[in-house]
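Worksheet: one structure, shown below.
The values are calculated or read from the model by the stated rules, or taken from the named source; none is laboratory data. This one's a predicted model, so the numbers in the text were calculated from it and none came from an experiment. Here the Cβ positions follow ideal geometry from the backbone for every residue, glycine too, while neighbour counts run over all protein chains shown. In case anyone asks, the SASA skips ligands and DNA or RNA and just uses the protein heavy atoms, side chains included. Shrake-Rupley method; radii C 1.70, N 1.55, O 1.52, S 1.80 Å.
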Amino acid sequence: MLDTRGFACPEPVILTKELVDKGDKKIEVLVDTTVAKENVSRFLTSHSYDVRISENNGEFTITATK
């Protein structure tokens, strides 16, 4: 799981992109802002990942599979 809590955008997207570029088929990203959730989700969707989001106490886990 990629933990990007505490990082300001665009850092969560940049870190997620590194996993996409490596060819990872399943990616889990933990974010702590709505903006990061939306940006990371949009990025993964644009790269043909199926994205699911769960929320727990204001933090979001983005699970993406290809």
*Please report, as a whole percent, how much of the solvent-accessible surface of the chain comes from carbon and sulfur atoms (probe radius 1.4 Å).*
48 percent
*So what's the angle, to the nearest 10 degrees on a 0 to 90 scale, between helix 11-22 and the longest Cα principal axis of the chain?*
20 degrees
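Taking only protein heavy atoms and a 1.4 Å probe, what accessible area per residue, in Å², does the chain have with all protein chains in place? All intermediate terms of the calculation are to be shown ahead of the outcome.
On the way: 4010 Å² over 66 residues.
Accessible area per residue: 61 Å².
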*Which of PRO10, LEU44, ASN56, positive extreme of dipole for the chain (C-beta unit charges)*: LEU44
*Global size of the chain as Cα Rg and Dmax, reported in angstrom*: 10.4, 31
